[in-house]
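Take a look at the structure below.
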Amino acid sequence: MVSKGPSYALRNKRVWVAGDRGLVGSALVRRLQNEGCEILKAPRDSVDLRRPDQVERWMTDTKPQAVFLAAARVGGIYANDTRPAEFIYDNLMIQSNVVEASRRVGVEKLMLLGSSCIYPRLAPQPIPESALLTGPLEPTNEWYAVAKIAGIKLGQAYRRQYGCDFISVMPTNLYGPGDNFDLLQSHVVPALLVKAHAAKRSRAPAIEVWGTGKVRREFLYVDDAADGMVYLMQNYSDEAIVNLGPGSDVSIVDLVSLICNVVGYQGEMKFDSSRPDGAPRKMVDTSFAESLGWKAHTSLRNGLEQTYRWYVDNVAPDGKRAVA
Ligand code: GFB
């Protein structure tokens, strides 16, 4: 039986969002604005989270009481597959340094962020938290997954040996404002928004879609993810990991159709089967998070519309920022 643990209010606390400029970190900063806490952000030029001395100095100086570890080396299927050393080394170092320094400076509560790719490639669907370490990983992201599994185990070990209140959440594929729209680094949602937008502007007859388009993914809007993380930080305290997702998935073909509809592009899809598909499916079982009192609420269409608007306003070469 998992205990819910006492409520941990963030009000008036010093809360460090590690990775505040990333997709998840920036959403956490937006969400935490409602909690009446002091949000700490580490300066990028002087705090390299891969360096233990720099992390410990920053935490000793700033004394955070709560930490969201949203900093990570992340990327889509191509980036994961082609830069395995960075994905395993950077993530192992960032997690180890922040977890150990959190123990040393007496952080009251810390949340580690994992990913649904920690589960076996052929896990039962929807994937329960108990599927962790029950089978082989998806090869295109095993380096990242191994690092994230080590992060989970690190948090659990510190809870057992030192009594640290460290918890871990496993979100599904995330998307939203602040995402990375570089085609060689990005995940499928930002990549297809960029491609559909460019094809619409140039009146191209088709856009390129990697793989077969038959695999399925579950997409969680990043502001929902941040809401779930803040909720669990305040209401959950135990060793077991917690899945976060909207509770439904979609094939890549259907996702791309929806993206084209949101962008207003009416051309064809051209599938590049020389590119990998990755895992056939990875939809998580969210019943544990629901039993703790949290549920996502943004529909995929609504989330894509908001993400597209943000892309046009902030990143697109022909967008407002470029014009201003
Ligand atoms: O989002 P994505 O890169 O990550 O790819 P994964 C999802 C699916 O979309 C794959 C297909 O089947 C891709 O082949 N896809 C189609 C595309 N067109 C494109 C495109 O233009 N760009 C991209 N990126 N994909 C990641 C992991 O896997 O999921 C990470 O590599 C992380 O470790 C993340 O866990 C959540 O879902 O396949």
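A few notes on this one:
- Within the option set 204, 157, 196, 145, being farther than 20 Å from residue 28 by Cα, open to solvent by 10 Å² or more (accessible area, probe 1.4 Å) and part of a helix (DSSP H, G or I) holds for one residue only, 157.
So that you can scan it fast, the table gives a plain yes or no per residue for (1) closer than 26 Å to residue 9 by Cβ; (2) in contact with a Pro (Cβ under 9 Å, 6 or more places away or on another chain):
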site	(1), (2)
24	yes, yes
28	yes, no
37	yes, no
45	no, no
56	no, no
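So that you can scan it fast, the table gives a plain yes or no per residue for (1) within 28 Å of residue 170 (Cα to Cα); (2) open to solvent by 50 Å² or more (accessible area, probe 1.4 Å); (3) at pLDDT 95 or above; (4) not aromatic (Phe, Trp, Tyr):
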| position | (1), (2), (3), (4) |
| --- | --- |
| 250 | yes, no, yes, yes |
| 263 | no, no, yes, yes |
| 275 | yes, yes, yes, yes |
| 279 | yes, no, yes, yes |
| 289 | yes, no, yes, yes |
| 318 | no, yes, no, yes |
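- Selected residue (only one of 177, 136 is outside any helix (DSSP H, G or I), more than 27 Å from residue 223 (Cα to Cα) and open to solvent by 10 Å² or more (accessible area, probe 1.4 Å)): 136
- Unmet criterion (only one of (1) surrounded by fewer than 21 Cβ atoms within 10 Å (Cβ to Cβ); (2) part of a helix (DSSP H, G or I); (3) among the hydrophobic types (A, V, I, L, M, F, W, C); (4) within 16 Å of the ligand (Cβ to nearest atom)) for residue 122: (2)
- Helices (runs of 4 or more DSSP H) contained in region 50-115 and holding at least 2 residues within 12 Å of the ligand (Cβ to nearest atom) and without any contact (Cβ under 8 Å) to a residue 60 or more places away in the chain: 84-105
- Condition check for residue 295: among the charged types (D, E, K, R), under 26 Å from residue 110 (Cβ atoms) and open to solvent by less than 60 Å² (accessible area, probe 1.4 Å): no
- Yes/no for residue 184 being within 16 Å of the ligand (Cβ to nearest atom) and at pLDDT below 95: yes
- Taking region 236-324 and the helices (runs of 4 or more DSSP H) fully enclosed by it, the elements with 3 or more residues that are within 16 Å of the ligand (Cβ to nearest atom) are at 252-263, 300-314.
The values are calculated or read from the model by the stated rules, or taken from the named source; none is laboratory data. Values in this document were obtained by computation on a predicted structure and should not be read as measured data. Backbone-built Cβ (ideal geometry, glycine too); neighbour counts: all protein chains shown. These accessible areas exclude ligands, DNA and RNA; they are computed on the full protein's heavy atoms, side chains included. Shrake-Rupley method; radii C 1.70, N 1.55, O 1.52, S 1.80 Å.
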